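Okay, structure first, notes after.
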Amino acid sequence: YLFRNILMQFNLWCLQFGQRAQMGMGGMPALNLNEMVVTQFFAVMDFIWLLVIPMLTMRLFAEEKKSGTIELLMTSPLRTIEVMLGKFFACFSLYGIIVSLTLIYFLILEVYGSPDWGPIFSGYLGYLFLGATFIAVGILASALTENQIVAVLLTFGMLLLFWLIDWSASFAGPTAAKILQYLSFIDHLEDFQRGVIDTKDVVFYLSFTFFCH
């Protein structure tokens, strides 16, 4: 639905500029499909994962604690890290499937236009790193409580904090501003969405994911 609205808006712009050109009101400017469709779709997806992932992770440990099976799980032959990694990869696999399903929109876009696939693929790679980090934060929040609602709110609150942290950079000094911008989830994701794969961004997501475990 959201992708359709974005695409319809792009078509409307093309129609309006075409009509202006026919009426002698100026030539049609170059419309970049990636900037006007792909970038907007990615911006919507950013917010969707902020809402969806807390709900995917809320039961991972909170439900175990509430049902009393956490003791059985912790006394099993599996080590704690193995239990955490098992839950992490199970949730990450589900997330990966959901993300991959959205590729169908860009395949449809390929039929009607010629998008630049470089930023699209790098953007999806960025979503895999972002998802891993979000899931790690969700697992941490779920492990801190036995209430699923609390786990959702705690996860959402922590993710929102690191989502908006770069906004406060404008009120801080130069050194503090750089630190705040570096801690922003979205600041690192924007490089991927522009088609830039920077080791700095990869290291940030992997380090944050490891720290939460």
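Read-outs: derived from the displayed coordinates by stated rules, not from any lab. All figures in this text were calculated on a predicted structure; none of them were measured in a lab. Heads up, the Cβs are rebuilt from the backbone with ideal geometry, glycines too, and the neighbour counts pull from every protein chain shown.
Quote the Stokes-Einstein diffusion coefficient, in whole µm² s⁻¹, for region 153-213, based on the Kirkwood radius over alpha carbon pairs, a temperature of 20 °C and a viscosity of 1.002 mPa s.
174 µm²/s
Rounded to whole Hz and in sequence order, give me ³J(HN,Hα) for region 170-182 from the Karplus expression 6.51 cos²θ - 1.76 cosθ + 1.60, θ = phi - 60°, writing x for Gly and Pro.
For region 170-182, the Karplus curve yields 5, 9, 10, x, x, 5, 5, 5, 5, 5, 5, 5, 5 Hz.
Below 8 Å, C-alpha to C-alpha, sequence gap of six or more: please give me the relative contact order for region 60-212 in percent.
Relative contact order of region 60-212: 30 percent.
Please list 158-165, 94-101 highest first by mean number of surrounding beta-carbon atoms within 10 Å per residue. It would help to have the intermediate numbers written out before the result.
Values: 158-165: 16.4, 94-101: 14.0.
Packing order, densest peptide first, comes out as 158-165, 94-101.
To make sure I understand the rule: partners must be lysines, Cα under 27 Å from the Cα of LYS65, and not fewer than 8 residues away in the same chain. Which ones qualify?
Output for LYS65: LYS87.
Over region 77-150, what per residue volume does the convex hull of the Cα atoms give, in whole Å³?
With only Cα atoms used, region 77-150 gives 107 Å³ per residue.
Semi-axes of region 38-212's equivalent ellipsoid from the Cα gyration tensor, sqrt of 5 times each eigenvalue, largest first, rounded to whole Å?
One finds semi-axes of 30, 21, 14 Å for region 38-212.
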